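Peer 1: Quick one: structure below, then a few questions.
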Amino acid sequence: MSVTSKPSIRDKQYPAIRQLADCIESTWQKYLQLEPYNLPSELGYVEGKLEGEKLTIENRCYQTREFRKLHLELAKVGELLDILHCVMFPRQEFALPMFGTDLVGGRGQISAAIVDLSPITPDFSLPDSYRQALSALPAATFSQPRDLPGWGDIFSEFCLFIRPTNLGEEQLFISRVQAFLEVHCQEAIAAQPVSLEEKALVVAGQQYYCTKQQQNDKTRRVLEKAFGNDWAEHYMNNVLFDFVKKDEV
């Protein structure tokens, strides 16, 4: 299916965010057989107000054999803030890590950029095939690394969290995201379903990842200010970081 047919707020966002959004969707389309994901229509495109500025949220979601949801969220707050958020949620039948990336930009620069393939195993280790592929990537050096949040024990040793200081670092970060994506997609399409016992561990690992991400107070505060506490709670738990319950396995 085509992923570029609809208008997108990315055309009004910071150039690196637009470029990364295009990169993510084109990589998905290259490697995966995309199918529509039934996100409630009222959550596909949302508008609100944040401190007097118009807040626009655009969600695009797909599913594949390997992933129950591929989620790309773009958000814009007036001319002050541009956000890209992306998570790939594997189906519980596959013991795959969680791919996630975020870009936050405003006032002509990117203030935060993060990408990771986060393990979901009890010992927080990536599969050997991932470790070998990620270790083989060319070195990437950035001048302003950032500290992970206190709840960030979910991230792998390969997690990249930076503030790019120039166009060259922005492009290097985007190329690193694409490299992570390609490794992940290639591993996913070769993956085989796991046993029922392993499936329970997959579900537990994904639930842990999502509950940790739900602790992101910065995201929650923005949503609460714009849409209220109840809406923010629903959006955090059912759109951004929803998970399969253990008793549903």
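The values are calculated or read from the model by the stated rules, or taken from the named source; none is laboratory data. Worth saying up front: this structure is predicted, and the values here are computed from it rather than measured. When we count neighbours, we look across all protein chains shown, and the Cβ atoms used for this are built from the backbone with ideal geometry, even at glycine. Ligands, DNA and RNA are stripped out before the accessible areas are found, and what is left, the full protein with its side chains, is counted by its heavy atoms. Shrake-Rupley method; radii C 1.70, N 1.55, O 1.52, S 1.80 Å.
Peer 1: Given a 1.4 angstrom probe, I'd like the percentage of the accessible area of segment 9-239 that is carbon and sulfur, rounded to a whole number.
Peer 2: 49
Peer 1: Under unit Cβ charges (Lys, Arg +1; Asp, Glu -1), what dipole magnitude, rounded to 20 debye, does the chain have relative to its Cα centre?
Peer 2: Result for the chain is approximately 420 debye, rounded to the nearest 20.
Peer 1: For segment 66-139, which trypsin sites (Lys or Arg not before Pro) pass both filters: DSSP loop (anything but H, G, I, E, B) and at most 14 other C-beta atoms within 10 Å?
Peer 2: Counting only loop positions with at most 14 other Cβ atoms within 10 Å, the trypsin sites (Lys or Arg not before Pro) in segment 66-139 are 107.
Peer 1: Classify segment 115-249: rounded, prolate or oblate, from the alpha-carbon gyration tensor (a ≥ b ≥ c, eigenvalue square roots; a/c under 1.5 rounded; otherwise prolate if a/b is larger than b/c)?
Peer 2: Oblate.
Peer 1: For the chain, set up a Gaussian network in which alpha carbons nearer than 10 Å are linked by springs, and say which option among 80, 39, 72 fluctuates the most.
Peer 2: Comparing 80, 39, 72 in a Gaussian network model of the chain, the most mobile one is 80.
Peer 1: Please say if segment 109-174 is rounded, prolate or oblate, where rounded means a/c under 1.5 for a ≥ b ≥ c the square roots of the C-alpha gyration tensor eigenvalues, and otherwise the choice is prolate for a/b larger than b/c and oblate otherwise?
Peer 2: Oblate, since a/c reaches 1.5 and b/c is not below a/b.
Peer 1: Between residue 215 and residue 196, 0.36 nm times their residue separation minus their Cα-Cα distance comes to what?
Peer 2: Fully extending the segment from residue 215 to residue 196 adds 3.9 nm.
Peer 1: While we're on this one: Cα centroid distance between segment 3-42 and segment 69-135, in Å?
Peer 2: 14
Peer 1: Compute the separation of the alpha-carbon centres of segment 172-197 and segment 205-219 and state it in Å as a whole number.
Peer 2: Result: 21 Å between the Cα centres.
Peer 1: Now for a different question. State which entries of 54/225; 30/212; 76/218; 54/218 exceed 23 angstrom in Cα-Cα distance in the structure shown.
Peer 2: Long pairs (Cα-Cα over 23 Å): 30/212.
Peer 1: Starting from the Cα of residue 26, step 7 Å along the direction of its Cβ; do the same at residue 171; then give the gap between the two resulting points in nm.
Peer 2: Between residue 26 and residue 171, the simple spin-label model gives 1.4 nm.
Peer 1: Which residue, 116, 22, 217, has the most motion in a Gaussian network model of the chain that connects Cα atoms within less than 10 Å?
Peer 2: 217
Peer 1: Excluding ligands, DNA and RNA, what is the solvent-accessible area per residue of segment 9-239 at a probe of 1.4 Å, expressed in Å²?
Peer 2: 46
Peer 1: Shape of segment 132-207 from its Cα gyration tensor (a ≥ b ≥ c, root eigenvalues): rounded if a/c is under 1.5, otherwise prolate when a/b > b/c, or oblate?
Peer 2: It comes out oblate by the Cα gyration axes.
Peer 1: Right, next: Pick from 160, 172, 70 the residue whose mean-square fluctuation is largest in a GNM of the chain, springs joining Cα atoms under 10 Å.
Peer 2: Comparing 160, 172, 70 in the GNM, the peak value goes to 172.
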